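The values are calculated or read from the model by the stated rules, or taken from the named source; none is laboratory data. Fair warning: this is a prediction, and the values are worked out from it, not measured in the lab. Counting neighbours? That spans all protein chains shown, and the Cβs are built from the backbone with ideal geometry, glycine included.
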Amino acid sequence: MEIDRDTLLKLYTTMVTIRNFEERGIPETGQRGMSASLHSSAGQEAVPTGMCAHLTDDDYLASTHRGHGHCIAKGVDPKLMMAELFGRTTGSNKGKGGSMHIADMSKGMLGTNGVVAASIPLAVGAALTSKLKGLGRVAVAFFGDGGANQGVLHESMNLASVWKLPVIFLCENNQYAESTSVEYALSTAHVADRAAGYNMPGIHVDGMDVFAVYDAAEQAVARARAGEGPTLLECLTYRFYGHTVFDNPLNYRTKEEEDYWRGRDPIKLFREAVIPQGDITAEELDQIDREAEQLMEEAIKFADESPLPEPQELYEDVYVSYPTEALKRGASMEV
Amino acid sequence: MTTTATRELQYREAINEAIRQEMERDETVIIMGEEIAGGAGREHLGIVDAWGGPFRTTVGLIQQFGNQRVLDTPLSEAAFIGAAIGAASTGMRTIAELMFIDFVGVCMDQLLNNAAKMRYMFGGQVTLPFTLLTRIGAGFGSAAQHSESYYSIFSHIPGLKGVVPSDPYTAKGLLTAAIRDDDPVVYFEHKGLYGNTGPVPEEPYELPIGKARTVREGTDITLVGISRMTWVCTAAAEELAKSGINAEVIDLLSISPIDYDHVIDSVKRTHRLVVVDEDTPICSIASEICAMVADEAFDYLDAPPSKVTAPHTPVPYSRVLENNYMPNESRVIKTVQKLFARG
C-alpha cells in the first residue's frame, strides 16, 4: 500500500467529516423535531471513505437508509445535507426527502434509500448507461448485511454479471440487521461467499481499516473500468449506535462487544497507523478535526437560517408534466 | 399531428412501429425484457429474434438495433426493471417489458418506491423517461395469474402515469407519447386487441396522455370504456339504440391522469353514467370516476353513477366461469335499462 500524503489527509478528512456529521447532525435534527428516521453510520466511516477515494463525481453511487457517510464520501456538501435533514428548501432535495433520500445527481449520488436493497438495481442501471454510452464510469451499490438477504440483490448480481457491467456491490456488514445478528440471518460465513454463485470475485476485508478498504476498492474499480465486470466487496464493520436514534443496542449486544469495536474505531486506527510513520503529525490531524467541527457549526447555521418550504411546494416535482389540479382534485385540500 | 399515408395495421404492429420509430429517432432509447427477442445465447447457431416477444410486439427490433439496445433479460423483473429505472435516471430513455401485469408482485417495489417517488424525493433533481410495457385482459383460459387487469393499482400511485390504448391508432400514438414522456408511464396492452386492425398514420405521432376521446356521440347516457371495454360499450350502444336509448361512448385512454372533465362534460348533457371496467370493482377506476361525477356533477344526474366490472374474485379458468367474470354487452345493457327504469 503506497498512498500519498494528500490522499492520506483526504481519507482522514472524509472520515472525520462523516463522524462529525453523525455526531452533530443527528441530535440537532432530533432537537428540531424533524425526524424519527435517522440512522447513524458512526463507526462505519472507513468503508465509504476507502471506496469513494477511487471515484469521481461522474461515477455513480446508490445508497441505503444509513447513507450520510456515503453522501459525504461521494462529495455531497454537508451544508446541503444538514439543510435537508432540517427540512429546508436549500436542502439537497429541497426538503422533500430527508435523511433516507439524500441525492445529488451532480455528484453521481443516486440517493440514499429507505427500502433495504431497493437501490441496488438503480446502480446496475447506471452502470448500463455507462456501458452503452461508453462513458467509462463505474457504479457502486451499497447495502448492508440485512440487504444481503434481499432477492433483488441476487437478481442484480446475476444480471450485472451476465451483462458484464461496471458495478461494485459493496456490502457494509455491520453485523446487525436492526437487532438481528448475521450469525442468525446469514447462511454463509461471509456475504462475499455469495459472489461464487454469480461468477464474480468475492472479497471480504476489515471495514474498520480504511487502507484495507482502499486497496480492495482500487482493484474492484480497476476491474470495472477495464470492462471485466462486477465485484462483490464485503467490509466487516460496526455501527457505534443503534439501528435508529430510538434503539438501545444493549438490548441485543453486549457492552464488551461494543467496547471491542469502539477500540477499533477507524479514525483511531488511522491515527495509530499514520502518525508513527512521521510524515503526518498528530497536530495536523487535530487541525482537521477542528475544521470538521467548524464545518458542522456552519452547516447547522446555514440550515437554521434557510427558509422552510411553502405549503404549495407539496405539489411540486411529483411529475415533470401533470396538471397540478389533478394532484388535489377530490382531496379537499386547504392549499 | 400529421395524418398522411394512413394504412391499416394490427394493434400489435402499431405497438411495434411506435417502438421502432422512437428507437430510430432517439439513440438513447433502449428496450429490455424477457423474450422480447428470444433465443438469447444461441446467436452462434444463427438464432436471432426467436420469439420477437411473447405476443410478437417486439419482432424485428433486435435485427435492426442490435443486442445492446434490445436487451433480452434473465427472468429477473426486480433487477431489470430497477435497472431500467436507474438507466433512465442517468441519461437513457428506457422501455422495459413486464410480460403480464400479474407478475408485478415480484418487481412492485421498484415501481412503487423508485420509479414513482425518486423525482419527488430528490426535489426534482431527476427525470425518469421510463416506459413499462405490460399486458392485461381475461378471456383466454389463462386463469388467475396471467389474466388480471390491475391498472387501477397504478392509477392510485402518485408519480406514475398510465395509458390504456384500445385500437391500433391509439396504441401507436399513446406509445409514442409514453416513450417521449419524461415521467414514468405504464402502458397497458390488452391481449384481446392484438389482432384488431385499424388505420394508423405511417409518420410518428403522439396522442396526449391524460385525454379521453368520444367514440360514439349520444344524448341519453354516458358509457365510459377502458381498453377493450370501449368496444363492449359501443356494441351495447348499438343494441340500446334499437330501443330508443342513444348512448354516448367515451374511450378513457388514460388511467393517470384521468380525464374527468371529458366524462363530466358528457354527463352534464346525458345525465346518466355507466363505467365499464374489466378490473375488479373495489377501489377501481370505475368507482373513482363514479365518485368524482357524484362529487362534481351531482345536480346533473338523473340516476346514480353506476359501474359494470369484474366481480371481486380472481380470474377463473373454466370458460363458463371466465365468460361470466368479464363485463359483456348483456350486463351493460341490463345496467342501462335499470337506470332508465328508475324513471
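Just a few scattered comments:
- Exactly one residue out of B:MET1, B:MET92, B:MET99, B:MET23 is under 23 Å from B:VAL185 (Cβ atoms), of a type in the set (A, V, I, L, M) and modelled with pLDDT under 95, and it is B:MET1.
- Within the stretch B:175-211, the set of residues being of a type in the set (Phe, Trp, Tyr) and surrounded by 18 or more Cβ atoms within 10 Å (Cβ to Cβ) comprises B:TYR187, B:PHE188, B:TYR194.
- All conditions in (1) in a loop (DSSP other than H, G, I, E, B); (2) aliphatic (A, V, I, L, M); (3) at pLDDT 95 or above hold for A:ILE267, with the sole exception of (1).
- Qualifying position, being at pLDDT below 95, assigned by TED's automatic domain parsing to the domain that holds B:LEU160 and either touching a Lys or Arg at 6+ places or on another chain (Cβ under 9 Å) or among the aromatic types (Phe, Trp, Tyr) (or both), among B:VAL48, B:VAL29: B:VAL48
- Scoring A:ALA331 on the criteria (1) over 19 Å from B:MET118 (Cα atoms); (2) in contact (Cβ under 8 Å) with a residue 60 or more places away in the chain; (3) within 14 Å of another protein chain (Cβ to nearest Cβ) leaves a single failure, condition (2).
- Hits in the stretch A:40-65 (condition: among the hydroxyl-bearing types (Ser, Thr, Tyr) and more than 14 Å from every other protein chain (Cβ to nearest Cβ)): A:SER40, A:SER41, A:THR49, A:THR56
- Residues of the stretch A:77-107 that turn out to be part of a loop (DSSP other than H, G, I, E, B) and either within 8 Å of chain B (Cβ to nearest Cβ) or surrounded by 24 or more Cβ atoms within 10 Å (Cβ to Cβ) (or both), as a count: 10
- Among the candidates A:ILE275, A:ILE280, residue that is more than 14 Å from chain B (Cβ to nearest Cβ) and in a loop (DSSP other than H, G, I, E, B): A:ILE280
- Here is the figure for the stretch B:109-168: residues that are part of a helix (DSSP H, G or I), touching a residue at least 24 places away in the same chain (Cβ under 8 Å) and either of a type in the set (Ser, Thr, Tyr) or buried (at least 23 other Cβ atoms within 10 Å of the Cβ) (or both) total 12.
- Residues that are in a loop (DSSP other than H, G, I, E, B) and within 21 Å of the chain's Cα centre (by Cα), drawn from the stretch B:10-47: B:GLU34, B:GLU35, B:ILE36
- When the stretch A:303-333 is filtered for residues that are exposed (fewer than 15 other Cβ atoms within 10 Å of the Cβ), outside any helix (DSSP H, G or I) and polar (S, T, N, Q), the ones remaining, listed by number, are A:SER321, A:SER332.
- Residue in the stretch A:211-249 that is farthest from the chain's Cα centre (by Cα), counting only those that are hydrophobic (A, V, I, L, M, F, W, C) and in a strand (DSSP E or B): A:LEU232
- Of the helices (runs of 4 or more DSSP H) lying entirely inside the stretch A:1-66, the ones with 3 or more residues being of a type in the set (A, V, I, L, M) and surrounded by 23 or more Cβ atoms within 10 Å (Cβ to Cβ) are found at A:5-20, A:46-52.
- Meets criteria (crowded, with 24+ Cβ neighbours inside 10 Å, touching a residue at least 24 places away in the same chain (Cβ under 8 Å), in contact with a Leu (Cβ under 8 Å, 6 or more places away or on another chain) and not in a helix (DSSP H, G or I)) for A:VAL140: yes
- Any hit, the stretch B:212-225, residues being within 27 Å of B:VAL126 (Cα to Cα), more than 14 Å from chain A (Cβ to nearest Cβ) and crowded, with 24+ Cβ neighbours inside 10 Å: no
- Within the stretch A:259-270, residues that are on the phi < 0 side of the Ramachandran plot have Cβ atoms under 8 Å from residues that are among the aliphatic types (A, V, I, L, M) and in a loop (DSSP other than H, G, I, E, B) in these pairs: A:TRP261/A:MET208; A:ARG264/A:MET208; A:ASP265/A:MET208; A:PRO266/A:MET208; A:LEU269/A:MET208, counting only partners at least 6 apart in sequence or on another chain.
- Candidates in the stretch B:46-97 are the residues that are out of contact with any strand residue (DSSP E or B) (no Cβ under 7 Å at 6 or more places or on another chain) and of a type in the set (D, E, K, R); of these, the one that is nearest to the other protein chains (Cβ to nearest Cβ) is B:ASP72.
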